[in-house]
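Written below as structure tokens is the structure these notes are about.
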Amino acid sequence: MDSIYFHREKPVIPQFDHDVFVNQAGFTPDGPKRAIIRIPCEQFYLRNEYNIDVYTGNAAHFGVDECSGDDVYIADFSDFHSEGEYVLITDGGARSIRFMISRDVYRPVFDALVKAFYYQRCGCELKKEHAGVFTHPSCHTETAKEWGGGDKEYDVTGGWHDAGDYGRYVTAGASAAAHLLYAYKLFPSAFGRQKLNIPECGALPDILAEVRYELEWLMKMQREDGAVWHKVTTARHAPFIMPQDDKEQLYLFSPSSMATADLAAVCALASEMYREYDGDFADSLYNTSIKSYKWLEDNPGFLGFDNPEGCNTGTYGERTDVDNRFWAAAQLYALTGEDKYFKRIDSAMLGFSMSDLGFASVGGFGSLALWLCDRPIPDRMRDRIKRDFNSKAEELKGLCASCGYGCAMGSWHYIWGSTMNLLKHAMIFIIADRINGNDKYHRFAAAQLDYLLGTNATGYSFITGCGEFACKSPHLRTAYADGIEECIPGFVSGGPNASPADEDARVLIPPGTPPMKCFVDDVGCYSLNEVAIYWNSPAVFLTAYMIDHTEHKKG
Ligand code: 9MR
Ligand code: ZN
């Protein structure tokens, strides 16, 4: 992944030309509503589609925001509830883009975010009737060989392409599937009416059909002895060609204990969730899970992963597997109630975050398994989970208060894939509320969606196809090589990165640029503008929550 693909003139990149930032999808009638203004403002107005001013508010001066460097003013109009289309205008005449207030504003965004997983499918043809213009023949259908191994051939077709590249990585896939499954578990009504127009439309809710596509592949990644191959990729990242044209040899890379534990965990979770629809599938998920778990018990040491010489695809290395093992044990305890899993949880519960929901740090998934199951859980364990989520939520609330844009990130969070930090933080607010049985953090969760959809110092909506000024040149091979002007919709960009790893970003971003502005909507900038399944999946969780909240709590 270097910039050899993009020996081009310096690209012309459109800049947001408004001084007022809003969530470009809009707001729900009863939800929080804020715009951020980067020029002096005392009063602001909302003008409706008939050119009538329907609301006047006073802006609050926030001051200089450290992450953006902007001197900002906050326009809060949460007490305005009328549905319609509006523009926010400041007393100095600056205008926002048009935005909606409506109960359904997040539905198209939510649908697009989930449909993006279908567009990432590997090993099947994307047909016109499902993919519209974004069709392609099936890809990566050849067998894989073991890297450094013999000539034995393995069928590991299927699953989702990880990101802008065509690799498929177990820990990344398992955590993306877990975000989606937990989103469904917590907010089933949001998914109930969802019609994604995917090939399996029918018996299963669409989300479960889509996740099943990944699970079928994940199960193929299990080795005969229960260990799980860390990834299947070509030796080097493909150039920017369509997936069906990527014909290089596929390799399976050595198993890791993280991949093995994550597979055991996600299969246990899925076994429970698919049982009511397909008992055989639930059984095979269960069998896969306990087989990997047995391998973990027989192999208690940490088995990490690093790329061998000659391979440059993603690494997804980790320094510990205690959280992965905890997640597996917790998920199997939730499923079976067996004592042996409980004992493991009990002895594992020390020294790692029990609220993180990332692709590497997965303790939060184990906490969710325990919190949501109806097995006996001792109070001290419940307290520990509650404490982890609450203290993290309070810390993040503090970050929101010190950011003019209301974002739960400090300067150090603007790294490769910063939108995942943002979205994981939104999940923590949501889960903390769930645990506490109240709505205290709702507005903070909502503010993270505002940031994602345009209330940030770049003005971009970081979801392709969603919003008037949305990213449209992500580092995504299919979107580039298909030759179609319009970008495939529903992909979350990695977002601003204050220490970019790619050459293009270094050239395009002037030194000293504040972290939140270290972003370019350019296909070459893989460390700022790539997409990834596990950046989409927490965004699905957040939008499912927002829809559920609107329907049930009048939010
Ligand atoms: O998302 C990953 C990011 O946190 C790391 O900093 C980066 C470098 O190791 O790798 C990212 O993951 C990439 C993966 O290695 C390969 N597929 C694309 C992923 C998104 O950029
Ligand atoms: Zn493929």
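The values are calculated or read from the model by the stated rules, or taken from the named source; none is laboratory data. No experiment lies behind these values; they were computed from the predicted model shown. All Cβ positions, even for glycine, are placed from backbone atoms using ideal geometry, and neighbour counts span all protein chains on display. These area figures cover heavy atoms from the full protein model, side chains too; ligands, DNA and RNA do not enter into them. Shrake-Rupley method; radii C 1.70, N 1.55, O 1.52, S 1.80 Å.
A few remarks follow.
- Residue order by solvent-accessible surface for K517, K231 is K517, K231, largest first, with ligands and nucleic acids left out and a 1.4 Å probe.
- Gyration tensor (alpha-carbon) shape descriptor, segment 157-230, a/c threshold 1.5: prolate
- Centre separation in Å (Cα based) which lies between segment 86-105 and segment 176-215: 33
- Using the Cβ-Cβ distance between F80 and D283 with R0 = 60 Å, the FRET efficiency computed as 1/(1 + (r/R0)^6) comes to roughly 0.65.
- Net charge over other residues, Cβ less than 15 angstrom from the Cβ of P378 (K, R count +1; D, E count -1): +3
- Annotation: the antiparallel percentage among DSSP beta bridges lying fully within segment 107-391 is about 75.
- The distance separating the Cα centre of segment 54-76 from that of segment 344-382 comes to 39 Å.
- Segment 107-391: relative contact order in percent, alpha carbon pairs under 8 Å with at least 6 residues between: 16
- Alpha-carbon centroids, segment 503-555 and segment 123-137: separation in whole Å: 26
- The value of relative contact order for segment 26-104, using C-alpha pairs under 8 Å at least six residues apart, is 39 percent.
- Extension reserve of the T135-D17 stretch, reckoned as 0.36 nm per residue once the Cα distance is removed: 39.1 nm
- Probe 1.4 Å, accessible area per residue of segment 107-391, Å²: 37
- With the alpha-carbon atoms of segment 107-205 aligned to their principal axes, the span from lowest to highest coordinate is 49, 31, 27 Å, starting with the largest.
- Whether segment 30-129 is rounded, prolate or oblate, judged on the alpha carbon gyration tensor where a/c under 1.5 counts as rounded: prolate
- Remark: spin-label model distance Y50-R375 equals 6.1 nm, labels positioned 7 Å along the Cα→Cβ axis.
- Rel. contact order, % - alpha carbon contacts under 8 angstrom, at least six apart, the chain: 18
- Sparse-neighbour loop sites [trypsin sites (Lys or Arg not before Pro); segment 387-457; at most 15 other C-beta within 10 Å; DSSP]: K440
- Ignoring lysines fewer than eight residues from K397 along the same chain, the ones with Cα atoms less than 28 angstrom from its Cα are K33, K185, K386, K424, K440, K517, K553, K554.
- Taking the 1.4 Å solvent-accessible surface of the chain as the whole, the part contributed by carbon and sulfur is 49%.
- DSSP bridge orientation in the chain - percent antiparallel, rounded to nearest 5: 85
- Distance in nm between pseudo-label sites at E216 and R434 (7 Å out along the Cβ direction from Cα): 2.8
- Using the Cβ-Cβ distance between H552 and S499 with R0 set to 45 Å, the FRET efficiency works out to roughly 0.65.
- Inverse of mean 1/r across different Cα pairs in the chain, Kirkwood, Å: 23.9
- Accessible area expressed per residue, segment 26-104, with surrounding protein chains retained (probe 1.4 Å, Å²): 46
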